[in-house]
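Values in this text are rule-based calculations from the coordinates and carry no lab data. Given the structure is predicted, the values throughout are model-derived calculations rather than measurements. Heads up, the Cβs are rebuilt from the backbone with ideal geometry, glycines too, and the neighbour counts pull from every protein chain shown.
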Amino acid sequence: MSLPQPCSSLFLFLLLPSLSLAQSIITGTPLLSGPYNIDSSSFLDTTTHTGTNISYPIKGFNTSIPAGATSGTGNSVPGWSLNIGITPDVSLSGSNSQDATKFFQATTISIIPPSRNQAAGIERFNESNWRVCALVFTSGLGKSETDEAEDGVRGDCRDLLPSDCVNQLQVNSVTNVAELGGGCQGIITMPTVCNDHFAARGGSDVMGFELLPISGDVKPNVDRRSTFFAAGSEAVDRGNKTALGRAQRKVWPVLLVWTHFAGDGKVHDSQGGLSCVKGVKTVDDGDDDGGDHDGDDGKDSGASLMEVVGWKMMGSLIGAAAVAFAI
Ligand SMILES: *[C@@H]1O[C@H](CO)[C@@H](O)[C@H](O)[C@H]1NC(C)=O
Ligand SMILES: *[C@@H]1O[C@H](CO)[C@@H](O)[C@H](O)[C@H]1NC(C)=O
Ligand SMILES: *[C@@H]1O[C@H](CO)[C@@H](O)[C@H](O)[C@H]1NC(C)=O
Ligand SMILES: *[C@@H]1O[C@H](CO)[C@@H](O)[C@H](O)[C@H]1NC(C)=O
């Protein structure tokens, strides 16, 4: 089931309360345009070939499991990851911005399915059997959590957020999951324990949308990633290190909710996992609290990630006993 057009590809400007920066955000698979309405294929080409990116392992599932009896989200399969890319100085020429001579810093987030060596038999999923929702907290984490992440912490929300917050968020994400045909919006209620730790209180900045499709029926050697999220920061002059540093230090919490349906379209089982991803740091925006300069070179992908999952199976919620996985 596709979402109505406005949900599957969103284009909007947000005012970030914490940073007072305008940004342009696009979501959907595929992205129908880049930020500020620039052409999507040239945008994706630019972000793939310039800038830096890093991948974080995530808990993902075998989306080839058909509807019905077997639990789809009981056992994860290795090899799924989230990739975040930061591309400096993307030109606003050809955009809908007033500042066509200026540039923005692009952040892209992609989901990458396992390679055939890692997990065989995971093909493009059938939308009658599976739905994968991405919920992105577009304002990022609070200032102290963002500063904390500066000291080399990556991917693991549990290093940055109270475990109660992570647990409850993930549990909440599966309690409200809709049946087949339902969407990805309104499924998250922000636990109060999380409030002080996110830049926007109460999850008012969350964008929820469906990922379609997220694993490949494509030929071998073809890039199987799906870029589902792109943010363009405010328009600035080329080479603005402050703007680039800010984009690089921002932590993006991303909650993926995987839902496997029963044959009748009811939810069979569902699992939510929160990741905190941030880009590779190459410049200092002068905004951290004496954070280290560890000479990141963009080659340190494969950072370790701990996840605490919320898991639901046929109506019973397994939350209190949420399990910690080291991937
Ligand atoms: C990540 O960076 C590498 C090296 O620059 C590049 O080959 C690759 O296409 C990039 N991947 C993504 C998802 O942007
Ligand atoms: C995924 O599920 C399909 C269909 O049940 C199966 O053929 C395949 O072997 C499974 N792959 C893995 C890695 O579990
Ligand atoms: C998807 O699954 C449904 C229900 O199991 C089935 O009827 C349909 O043929 C499948 N579609 C594809 C493209 O495999
Ligand atoms: C550089 O970027 C910062 C942060 O986005 C912004 O406040 C400043 O106005 C920019 N300067 C120029 C010359 O674009």
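Residue order for Cys157, Cys194, fewest other beta carbons within 10 angstrom first, comes to Cys194, Cys157. With the simple model of a label 7 Å out from the Cα in the direction of the Cβ, Lys143 to Leu32 spans 3.8 nm.
Using 1/(1 + (r/R0)^6) with R0 = 25 angstrom and r between the beta carbons of Asp196 and Thr175, what's the FRET efficiency to the nearest 0.05? That pair, Asp196 with Thr175, gives E of 0.65.
Would you please report the Å³ per residue occupied by the convex hull of the alpha carbon atoms in the stretch 64-186? List each step's numbers first, then the result.
Details: hull volume 24.7 nm³, N = 123.
Dividing the Cα hull volume of the stretch 64-186 by its residues yields 201 Å³.
For the peptides 200-211, 66-77, the ranking by mean Cβ contacts within 10 Å, running from highest to lowest, is 200-211, 66-77.
In order along the stretch 176-192, phi translates into HN-Hα couplings of 9, 4, 8, 5, 3, x, x, x, 10, 9, x, 8, 10, 10, 7, x, 4 Hz, rounded to whole numbers, per the Karplus curve 6.51 cos²θ - 1.76 cosθ + 1.60 with θ = phi - 60° and x for Gly and Pro.
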